[in-house]
Number of protein chains: 2
Amino acid sequence: MYTELSKEELNALKIKLEKEYGELKAKGLKLDMSRGKPCSEQLGLSNEMLYIDLGDFKSESGFDCRNYGMPDGITEAKKLFMPLLGCECEDGIIIGGNASLQLIYDTIARAKYAEGTKFLCPVPGYDRHFTILEHFGIEMISVPFCEADLDIEAVERLAAADENVKGIICVPMYSNPDGFTYSAETVRRLAAMKTAAADFSIYWDNAYCVHHLTDTPDVIPSVINECKNAGNPDRAFVFASTSKITFAGGGICAIASSIANINAVKKEMSVQTIGFDKLGQLRHAKFFKDPDGIARHMEKHRAVIEPKFNLVCEMLERELSPDKLGQWNKPRGGYFISFNGFNNTAKRVVELCREAGVVLTNAGATFPYGKDPEDRNIRIAPTFPPMSELESAMQVFCASVKLASAESLL
Amino acid sequence: MYTELSKEELNALKIKLEKEYGELKAKGLKLDMSRGKPCSEQLGLSNEMLYIDLGDFKSESGFDCRNYGMPDGITEAKKLFMPLLGCECEDGIIIGGNASLQLIYDTIARAKYAEGTKFLCPVPGYDRHFTILEHFGIEMISVPFCEADLDIEAVERLAAADENVKGIICVPMYSNPDGFTYSAETVRRLAAMKTAAADFSIYWDNAYCVHHLTDTPDVIPSVINECKNAGNPDRAFVFASTSKITFAGGGICAIASSIANINAVKKEMSVQTIGFDKLGQLRHAKFFKDPDGIARHMEKHRAVIEPKFNLVCEMLERELSPDKLGQWNKPRGGYFISFNGFNNTAKRVVELCREAGVVLTNAGATFPYGKDPEDRNIRIAPTFPPMSELESAMQVFCASVKLASAESLL
């Protein structure tokens, strides 16, 4: 335990750790674990889709997908997404283009929030959500997690107290980066809670809804249904995409909500576009056939990436547990491992890694305004590098954590 | 000549025309000439692209198009578009998703125009442009055409007189719906004119830049170069798409401008999306290989649609010229024939056509706020219906023009 060492012992340890780190640095690695990117083997699982027979290019309803029209997407693509989004009505969903982030951005843009608007942001969270909110001048209020679930009491309190609190943005399943899945009670309470703002919205980015890493997948109630049942039918906007199912560079995405909300979105969207890429929708529909097809496909993803998650967790356990140099989750799904080291070490770890050729997500990125108040959280994205590179990168990571931890105690 | 008839003669004529119209109406047609949609044969020209060999899915630069990244698009897609947009620098262009309309919308949204902003709108023009401007609360000032060219003197006068006039939005080649191409002098003067607003922008929707219908295609100078040469390098934003080259429901689009403008767009765009569909870009690049490939492909389009334009012009000539019941253009490119009838007849013609089963673009759609001050312009879109249907539709159209003209004189 570093914390139990004397100053002399720590200094000696630091010299030893610097030597170990220096040897790794000398290898001149060039590895990237900065983003949650699928690896080449994962992408290959869907190559077949790129050449799939599109028949007469018509949707089930007889619409020629090659032509203009169908701004809300073809029915068979809607049917693929509906269970993923917890949407039970074809009029309550729109299929978009390549990026659900754009749908989130556009939905927030359309809300035209006034100055002084605040959003609740579970932390650690997804940096790109925070960037969107900052872009629109929305003040972000961090909300913690509590026992591997959203701190719903904090959310209820904050939403009830201030009419400027207009929304919450979150990843409710296998959260980015902690891998937490909100409990059924949390979802129900979010849907039912009293809010000071009459137009409080839940931006529900269900990015990892089918991205399981166990035989007993997490489940989560439909927030759309819960909102409806609680008498707040227009409260939730739900998003998902196939970016991490088929292709991050050529998937399709969806937004679901109440029919009233979706009708309003359609109306404004019709100013913006005549329609999204329907050939991509047709390709996805023909490739998966039905939501079960997606589930089966995700098993193949799991087979590729589970060993990577295991490797990272094993190395952290072996290298860092004996000296209690941090905590991390063993995720049940999603794309990340969230590492919490000693306070005031995260930036230093990222710096040390970078100097040794391993690029991590910036420290602080998982918090609003890029500021981790304790400077201890680092998001590890294990999916992209091949196993051998991942091992090298994690050696650098662990050596950096050890060195930064020793430094922080001196 | 209807205008030379006595009231009695006109009444007798009207009875005869009502009978003729009634006989056509009795056929119970159901035809749509409302939008400039490619026909099935045109779409079929690109079917091969949907199955094209994508090799190892990598761009020329070695980037895996299946994955995240490359927010400004792959180089080979840029190279396809650059001559179409008059852009000479890879850093001055971004390849977008399916819809150039979305790029136009987003570019105007990013400008965050203050209340009271005005735009110049050449009329007749593209209804979807007007809808975007109206959506953002931008006041539209109609500018006429003059001798088959933009009335550049009117534009110069209006832009110089009022600092709230912040832009012009136009289709400079084969304009929608008149098919006019701006002269080189007009382009140069637009680029060089003194504007009261320091941030005056030209939104240059070059939608029909390769959509020629003659052996001697119109040419137009690069507005980007002209702006640069005139010392107004950041004035123009240029847009184009493959919606009417490959697939209206699955093309790619582009925006080009000065490097400074494009850098600013990239920065804001990075909040919105991680990147557009790069597999679509790769498909287009492999299908066309180079801009000449696009030119050859457009010859095939011409072979399909030129007979339709000819048919419409011939029927108008035969049916309406003897009595001078209107004027129209014989377009050298683009997607439309612009018909101008007697004043105060356009709405009635569209109504008569609709009642006889032929859907046209709404009268007035080609003007800001949907209001044609003289109620005489109708946009005819000949590409979508098969020849036989087009002939039936034009019979109804001509009969409706005759009847509405006679009615208007009574």
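The values are calculated or read from the model by the stated rules, or taken from the named source; none is laboratory data. Just so you know, these numbers come straight off a predicted model, no measurement behind them. Note: ideal-geometry Cβ built from the backbone for every residue, glycine included; neighbour counts use all protein chains shown. Ligands, DNA and RNA are excluded from the accessible area calculation, which covers all protein heavy atoms including side chains. Shrake-Rupley method; radii C 1.70, N 1.55, O 1.52, S 1.80 Å.
Since A:C227 meets every condition but one in (1) open to solvent by 10 Å² or more (accessible area, probe 1.4 Å); (2) in contact (Cβ under 8 Å) with a residue 24 or more places away in the chain; (3) not in a loop (DSSP other than H, G, I, E, B), which condition does it not meet? Among (1) open to solvent by 10 Å² or more (accessible area, probe 1.4 Å); (2) in contact (Cβ under 8 Å) with a residue 24 or more places away in the chain; (3) not in a loop (DSSP other than H, G, I, E, B), A:C227 violates only (1). Residues in segment B:393-410 that are of a type in the set (S, T, Y) and touching a Leu at 6+ places or on another chain (Cβ under 9 Å): B:S400, B:S405. Taken over segment B:104-132, the criterion of being at the interface with chain A (Cβ under 10 Å from one of its Cβ atoms) and either within 18 Å of B:V265 (Cα to Cα) or more than 18 Å from the chain's Cα centre (by Cα) (or both) is satisfied by B:I104, B:Y105, B:D106, B:A109. Is it true that B:E41 is more than 12 Å from every other protein chain (Cβ to nearest Cβ) and at negative phi? Against the criterion (more than 12 Å from every other protein chain (Cβ to nearest Cβ) and at negative phi), B:E41 does not qualify. Checking each residue in segment A:251-277 for being open to solvent by 10 Å² or more (accessible area, probe 1.4 Å) and assigned to a loop (DSSP other than H, G, I, E, B) picks out A:S258, A:I274, A:F276, A:D277. Selection of segment A:11-30 for residues being of a type in the set (A, V, I, L, M, F, W, C) and at pLDDT 95 or above yields A:A12, A:L13, A:I15, A:L17, A:L24, A:A26. Considering (1) open to solvent by 10 Å² or more (accessible area, probe 1.4 Å); (2) out of contact with any helix residue (DSSP H, G or I) (no Cβ under 9 Å at 6 or more places or on another chain), the lone condition that A:F342 does not fulfil carries the number (2). Considering each residue of segment A:287-302 in turn, at least one proves to be touching a helix residue (DSSP H, G or I) at 6+ places or on another chain (Cβ under 8 Å), surrounded by 15 or more Cβ atoms within 10 Å (Cβ to Cβ) and within 18 Å of A:P382 (Cβ to Cβ).
With respect to the conditions (1) within 12 Å of chain B (Cβ to nearest Cβ); (2) among the hydroxyl-bearing types (S, T, Y); (3) over 16 Å from A:K79 (Cα atoms), A:S241 lacks only one, and its number is (3).
Only one of the numbered conditions (1) closer than 29 Å to B:V304 by Cβ; (2) open to solvent by less than 10 Å² (accessible area, probe 1.4 Å); (3) away from chain A (no Cβ under 14 Å) is violated by B:G28, and that is (2). From the list B:A207, B:A198, the lone residue that is open to solvent by 20 Å² or more (accessible area, probe 1.4 Å), outside any strand (DSSP E or B) and without any contact (Cβ under 8 Å) to a residue 40 or more places away in the chain is B:A198.
Conditions (1) under 19 Å from B:V396 (Cβ atoms); (2) among the basic types (K, R), marked per residue:
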position	(1), (2)
B:K25	yes, yes
B:S34	yes, no
B:D53	no, no
B:E60	no, no
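Applying a threshold of 9 Å to beta carbon distances and a minimum spacing of six or more residues, or different chains, the list of pairs starting in segment B:272-296 at a residue that is within 14 Å of another protein chain (Cβ to nearest Cβ) and ending at one that is of a type in the set (F, W, Y) and surrounded by 23 or more Cβ atoms within 10 Å (Cβ to Cβ) reads B:D277/A:F247; B:K278/A:F247; B:L279/A:F247.
The residue of segment B:47-66 that is surrounded by the fewest Cβ atoms within 10 Å (Cβ to Cβ), among those that are touching a Lys or Arg at 6+ places or on another chain (Cβ under 6 Å) and under 22 Å from B:I94 (Cβ atoms), is B:M49. Residues of segment B:70-86 include none that is open to solvent by less than 20 Å² (accessible area, probe 1.4 Å), of a type outside the set (A, V, I, L, M), at the interface with another protein chain (Cβ under 10 Å from one of its Cβ atoms) and more than 25 Å from B:G364 (Cα to Cα). Can you name every residue in segment B:308-329 that is open to solvent by 50 Å² or more (accessible area, probe 1.4 Å) and either within 17 Å of B:E389 (Cβ to Cβ) or in contact (Cβ under 8 Å) with a residue 60 or more places away in the chain (or both)? B:E314, B:E319, B:K324 - these are the residues of segment B:308-329 that are open to solvent by 50 Å² or more (accessible area, probe 1.4 Å) and either within 17 Å of B:E389 (Cβ to Cβ) or in contact (Cβ under 8 Å) with a residue 60 or more places away in the chain (or both). When A:P217 is tested against (1) of a type outside the set (A, V, I, L, M, F, W, C); (2) under 26 Å from A:I132 (Cα atoms); (3) open to solvent by 10 Å² or more (accessible area, probe 1.4 Å), exactly one condition is not met: (2).
Residues checked against (1) open to solvent by less than 30 Å² (accessible area, probe 1.4 Å); (2) charged (D, E, K, R); (3) touching a residue at least 24 places away in the same chain (Cβ under 8 Å):
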{"residue": "A:M1", "(1), (2), (3)": "no, no, yes"}
{"residue": "A:K7", "(1), (2), (3)": "no, yes, yes"}
{"residue": "A:K14", "(1), (2), (3)": "no, yes, yes"}
{"residue": "A:E18", "(1), (2), (3)": "no, yes, yes"}
{"residue": "A:Y21", "(1), (2), (3)": "yes, no, yes"}
{"residue": "A:K37", "(1), (2), (3)": "no, yes, yes"}
{"residue": "A:S40", "(1), (2), (3)": "no, no, no"}
